[in-house]
Number of protein chains: 2
Amino acid sequence: MTTTPAPDPAVRDSVRGPVPDSVRGPVRDDDFLRLDQQICFSLNAASRAFGGVYRIVLKDLGLTYPQYLVMLVLWEHGELPVKKLGEHLRLDSGTLSPLLKRLEAAGLVRRERSAQDERSVVVRLTDEGTALREQALRVPRRIAAATGFDLDEILELRARLDKLTGALDAAALEETPGCA
Amino acid sequence: MTTTPAPDPAVRDSVRGPVPDSVRGPVRDDDFLRLDQQICFSLNAASRAFGGVYRIVLKDLGLTYPQYLVMLVLWEHGELPVKKLGEHLRLDSGTLSPLLKRLEAAGLVRRERSAQDERSVVVRLTDEGTALREQALRVPRRIAAATGFDLDEILELRARLDKLTGALDAAALEETPGCA
DNA sequence: CGCCATTCAGTTGTGCACAATTGAGTTGTG
DNA sequence: CACAACTCAATTGTGCACAACTGAATGGCG
């Protein structure tokens, strides 16, 4: 039983107020350092908790969670070059190349150099990979059930997370040294 | 520039309705398979986007994001055995042992076998590790700024994520074969 | 006391994330 | 055509997450 980091009302109250932080002025850095642990950490923990549930549910399919995400994209789009796959999933070739090699070894996909552009490698589902979709159809319900969230809650959370991701990506771009 | 996976309104609309899913009945598995990609994926993407921003901000401190989390816990609690550290962070010795070894190599912590219990290893901050806290104090503000979220938004999101994590952990426990 | 289950940190092995680099292939421009 | 700039997948190296296991230390129990 992992000790869930408690909401810790003391932290909340110590930094809260009717006036936005930027105007109100001195929120002590000490407080912020503790709050900070809560938010970044909560996201991390939730992501890993998801990973744990997927690991259990996907064991029957012989897929890891990232491999499942790749398969989802392929089931939806049929076939894609590695580059496009990476854009859908926010992953680069450093992550995808070995992952796809494992999927190929498992007989779920094939990788073929594009004839039009010899730089590009197109990833296609094999018959076996296509067939696996049938097994995968029951996965989402099990996951959704595990969350205990109803559809609206999920959708709203997703919207917040996407907004957050957008803001973080924009900030990362701005702050990267080589892009002023 | 990674192409941000768009909200894709078609997906949303295809599964949405005024009636809660559990009552409305047959949501097609196909739809769910696509929605599923959105939620688990959004969480993953947000977590990694956070990682990207932390990577930039923490570069000055010479810390990775997980190392920073460990330091946060140590700054708050002074010293802890590896086990307790793991409970705070939801990490086991397989992750912490090498991480702590790197922090020790960096001169930020020491690891000493407990005299009371020779099985236990207590992690302590060095003077250098304690001093690093001063540098870390400005990190949370930069992160908070990068999110573009105000405090209430952060706190609410955190509450939702913690709820989600709790539900997922409970589900994982129930569904684990060896605990019926 | 002697034995055994439990607790703890560490190790090993697999897989993912990401930065940096490589090398083949392509495209634009003179 | 020639050549520089760019694109793309793959590779290398570092670090994290987690399962499975090892081995030492502890604590309970007969």
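Any read-out appearing in this document is the output of simple, stated calculations on the displayed coordinates, not a laboratory observation. Please read these numbers as outputs of a predicted model, since none were measured by experiment. Here the Cβ is made from the backbone with ideal geometry for all residues, glycine too, and neighbour counts use every protein chain on show.
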Self-check item: At 1.306 mPa s and 10 °C, Stokes D of the stretch B:27-99 from Kirkwood alpha-carbon radius, µm² per second
Solution: 109 µm²/s
Practice problem: Please state, rounded to one decimal and in Å, the Kirkwood hydrodynamic radius that the stretch A:65-109 gives when every pair of distinct Cα atoms enters the mean of 1/r. | Solution: 10.3 Å
Quiz item: Using +1 on the beta carbon of Lys and Arg, -1 on that of Asp and Glu, and nothing else charged, what's the dipole of the stretch A:19-147 about the Cα centre, debye to 20?
Solution: 300 debye
Quiz prompt | Shortest-first nm distances, A:ASP60 label point to equivalent points in other copies (7 Å, Cα→Cβ) | solution = 5.1
Practice problem: May I ask you to give the average projected area over all directions of the convex hull of the Cα atoms of the stretch B:98-180, in nm² rounded to one decimal? | Solution: 9.6 nm²
Quiz item: What is the set of long-range amide H partners of B:VAL109 at a cut-off below 5 Å, with H atoms built 1.01 Å from backbone N?
Solution: B:GLU104, B:THR126
Quiz item: Counting Lys +1, Arg +1, Asp -1, Glu -1, what net charge surrounds B:ARG90 among other residues with beta carbon under 13 Å of its beta carbon?
Solution: -1
Quiz item: Near the axis that takes chain A to chain B, which A residue has its beta carbon closest, and at how many Å?
Solution: A:SER47, 2
Self-check item: Student exercise, the stretch A:61-136 dipole from Lys, Arg, Asp, Glu Cβ charges, in Debye to nearest 20
Solution: 200 debye
Quiz prompt | Ascending list, in nanometres, of distances separating the A:PRO98 label from those of the other copies (7 Å, Cα toward Cβ) | solution = 1.0
Exercise. Please name which of A:ILE154, A:TRP75, A:TYR54 has its Cα lying farthest along the dipole of the stretch A:47-180 towards the positive end, using unit charges on Cβ (Lys, Arg +1; Asp, Glu -1) and the Cα centre as origin.
Key: A:TYR54
Exercise. For the stretch A:61-136, list log₁₀ I(q)/I(0) at each q in 0.18, 0.21, 0.27 Å⁻¹, using the Debye formula over Cα point scatterers of equal strength and ignoring solvent, two decimals each.
Key: -0.64, -0.88, -1.48
